[in-house]
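J.: Structure below; questions to follow.
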Amino acid sequence: MSVPRFDLDLTADQRAVREAVRDVCDGFDHEYWRDHARRGEYPHEFVDELAADGWLGALIPEAYGGKGLGTEETVVMMEEIAASGAGFGGAQTVHGGIYNSAPLVEYASESQREELLPKIASGDLSIQAFGLTEPGAGSDSPSMETFAERDGDEYVVTGEKFWISRVDVSDYMLLVARTTPKSEVDKRTRGMSTFLVDLEDAAAQDRLHMDPIEKSASTFVNSYHLTFDGLRVPAENLVGDEGEGFYQVLDGLNEERLVIAAELIGMGELALGKGADYAAEREVFGQAVGANQGIQHPLAAAHAEVQAARHLTDEAATRSAAGDLSREALGARANAAKYLAAEAAFAAADAAVQAHGGKGIAVEYDVERYFREARLSRLVPIAQQLALNYLGERELGLPRSY
């Protein structure tokens with residue numbers, strides 16, 4: 001079943017996006033996602049169809065061949081993808097391809113925009129990978145040690161990145177590296193820069209080494225430990241101004257967290273549908289297991305939590321599009337939405353597994369995948385505790401805790 005959603009006042013554009021994306025998703029059933037998850041394969045057919053319809057260019061202005069959409073429409077798009085059967089992991093197969101275009105739209109030179117954006121919008125070029133996280137820094141990005149040293153018309157990159165996904169299905173990677181040592185900047189968030197790394201060129205140089213990370217969740221995409229051993233990147237591949245990379249990363253972060261929340265909401269709805277269907281059909285001791293409050297109440301509570309998160313996310317996206325929220329107010333809503341959506345998705349997936357009993361861990365029923373992905377979402381792209389840190393400090397006026 002499709003779990004009923006509380007009514008939202010969707011705009012005409014949002015409704016059109018939802019219907020168009022749903023039409024694409026209808027061609028990929030639960031068996032498709034189950035099979036790809038089992039084999040750990042990237043869903044090329046699904047991504048190619050979305051790309052062919054221009055959805056990877058959702059955030060690219062129409063002047064460059066994109067759809068010119070904003071957060072208000074993208075939250076609907078990504079919720080629909082996740083709810084269709086893809087789940088959080090399936091939505092993540094295209095999330096990078098959509099959001100990695102945002103820094104290029106905002107900060108790239110005009111020649112870079114003209115060269116790259118139309119190809120991304122048409123699906124002829126992919127920038128799915130984003131190189132930020134490091135083994136020794138994690139969420140503390142200013143403590144990154146990967147360094148890009150200027151050498152004439154090139155930068156020479158040395159260092160490591162960790163948990164970098166979709167490198168194997170990207171033409172370019174957006175890489176953030178230090179161009180000024182942390183010890184030499186007046187503010188720890190300065191001195192980092194963003195680069196476009198041509199991955200075919202990097203392979204030819206044999207200066208970028210990729211070690212796959214074996215993992216148990218989000219298996220549609222491969223993740224890697226990357227080592228840069230003197231990789232040469234043309235200076236013309238610098239995005240925006242040198243030393244401003246951290247601020248480029250922050251720009252649009254709140255909107256992206258709302259989209260992450262939408263993906264989790266979609267998966268929560270997906271899990272609840274599976275759980276409710278099974279609970280209504282499975283009979284034990286002469287009645288459906290869903291008649292037992294021990295099964296029914298967790299599903300109902302999770303439904304309430306998912307829809308509450310959905311309304312907060314939609315309200316924030318709508319007001320962000322209208323421009324009537326300050327950066328701080330939007331930040332509070334974005335962190336709250338991500339926190340609540342991750343908790344709601346986990347509650348939904350847990351209730352769905354429990355409703356299935358022992359079959360809840362059988363791959364053929366799908367809910368065990370949703371459970372693993374929901375658990376992952378409490379760690380990425382930021383841990384729940386960091387979202388709470390933000391709310392505690394910025395909203396409640398409590399002392400900084402980190």
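The values are calculated or read from the model by the stated rules, or taken from the named source; none is laboratory data. Quick caveat: nothing in here was measured; it's all calculated off a predicted structure. Glycine also receives a Cβ, built like all others from the backbone with ideal geometry; neighbour counts cover every protein chain displayed.
J.: For the condition crowded, with 23+ Cβ neighbours inside 10 Å, under 30 Å from residue 87 (Cβ atoms) and touching a His at 6+ places or on another chain (Cβ under 8 Å), what is the one hit in 226, 175? Steps first, please.
T.: Values: 175 fails: touching a His at 6+ places or on another chain (Cβ under 8 Å).
Every option except 226 fails the conditions.
J.: Residues to consider are 239, 259; find the one that is closer than 19 Å to residue 141 by Cα, β-branched (Val, Ile, Thr) and either touching a helix residue (DSSP H, G or I) at 6+ places or on another chain (Cβ under 9 Å) or modelled with pLDDT of 95 or more (or both).
T.: Numbers: 259 fails: closer than 19 Å to residue 141 by Cα.
Result of the check over 239, 259: 239.
J.: For segment 64-102, which residues satisfy the criterion of being farther than 21 Å from residue 380 by Cβ, of a type in the set (Ser, Thr, Tyr) and surrounded by fewer than 24 Cβ atoms within 10 Å (Cβ to Cβ)?
T.: Matches in segment 64-102: 64 only.
Here's the yes/no breakdown for (1) of a type in the set (Val, Ile, Thr); (2) touching an Asp or Glu at 6+ places or on another chain (Cβ under 9 Å); (3) closer than 22 Å to residue 81 by Cβ:
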| position | (1), (2), (3) |
| --- | --- |
| 199 | no, yes, no |
| 202 | no, no, no |
| 206 | no, yes, no |
| 210 | no, yes, no |
| 236 | no, yes, no |
| 244 | no, no, no |
| 247 | no, no, no |
| 251 | no, yes, no |
| 255 | no, no, yes |
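J.: I'd like to know if segment 233-250 contains one or more residues that are under 27 Å from residue 150 (Cβ atoms), surrounded by 16 or more Cβ atoms within 10 Å (Cβ to Cβ), charged (D, E, K, R) and touching a residue at least 12 places away in the same chain (Cβ under 8 Å).
T.: yes
J.: Under 6 Å by Cβ, and 6 or more places apart or on different chains, what pairs join a residue from segment 307-326 that is among the hydrophobic types (A, V, I, L, M, F, W, C) with one that is not in a helix (DSSP H, G or I)?
T.: Within 6 Å, the pairs are 321/70.
J.: Applying the selection to segment 191-216, what residues are surrounded by 20 or more Cβ atoms within 10 Å (Cβ to Cβ) and of a type in the set (Gly, Ala, Ser)?
T.: 191, 193, 202 - these are the residues of segment 191-216 that are surrounded by 20 or more Cβ atoms within 10 Å (Cβ to Cβ) and of a type in the set (Gly, Ala, Ser).
J.: Another one. Which of the residues belonging to segment 51-79 are hydroxyl-bearing (Ser, Thr, Tyr) and either over 21 Å from residue 92 (Cβ atoms) or assigned to a loop (DSSP other than H, G, I, E, B) (or both)?
T.: First, the residues of segment 51-79 that are hydroxyl-bearing (Ser, Thr, Tyr): 64, 71, 74.
Answer for segment 51-79, where residues must be hydroxyl-bearing (Ser, Thr, Tyr) and either over 21 Å from residue 92 (Cβ atoms) or assigned to a loop (DSSP other than H, G, I, E, B) (or both): just 64.
J.: If you scan segment 235-272, which residues turn out to be within 30 Å of residue 374 (Cα to Cα) and in a strand (DSSP E or B)?
T.: Matches in segment 235-272: none.
J.: While we're here: Taking the condition of being closer than 14 Å to residue 85 by Cα and surrounded by 18 or more Cβ atoms within 10 Å (Cβ to Cβ), how many residues in segment 346-367 meet it?
T.: Selection size over segment 346-367: 4.
J.: Still on this model: What do you reckon, is residue 49 surrounded by fewer than 16 Cβ atoms within 10 Å (Cβ to Cβ) and either within 15 Å of the chain's Cα centre (by Cα) or outside the structural domain of residue 198 (by TED's automatic domain parsing) (or both)? Show your work before the answer.
T.: Details: surrounded by fewer than 16 Cβ atoms within 10 Å (Cβ to Cβ): no; either within 15 Å of the chain's Cα centre (by Cα) or outside the structural domain of residue 198 (by TED's automatic domain parsing) (or both): yes.
So residue 49 fails the test.
J.: When you scan segment 3-26, do you find a residue that is buried (at least 17 other Cβ atoms within 10 Å of the Cβ), touching a Gly at 6+ places or on another chain (Cβ under 9 Å) and closer than 26 Å to residue 171 by Cβ, even just one? Before you say what the answer is, go through the steps one by one.
T.: First pass over segment 3-26, keeping only residues buried (at least 17 other Cβ atoms within 10 Å of the Cβ): 3, 14, 17, 21, 24-25.
Applying the additional criterion that residues be touching a Gly at 6+ places or on another chain (Cβ under 9 Å) yields 3, 25.
Then keep just the ones that are closer than 26 Å to residue 171 by Cβ; that gives 25.
Looking for residues that are buried (at least 17 other Cβ atoms within 10 Å of the Cβ), touching a Gly at 6+ places or on another chain (Cβ under 9 Å) and closer than 26 Å to residue 171 by Cβ, one finds at least one in segment 3-26, hence yes.
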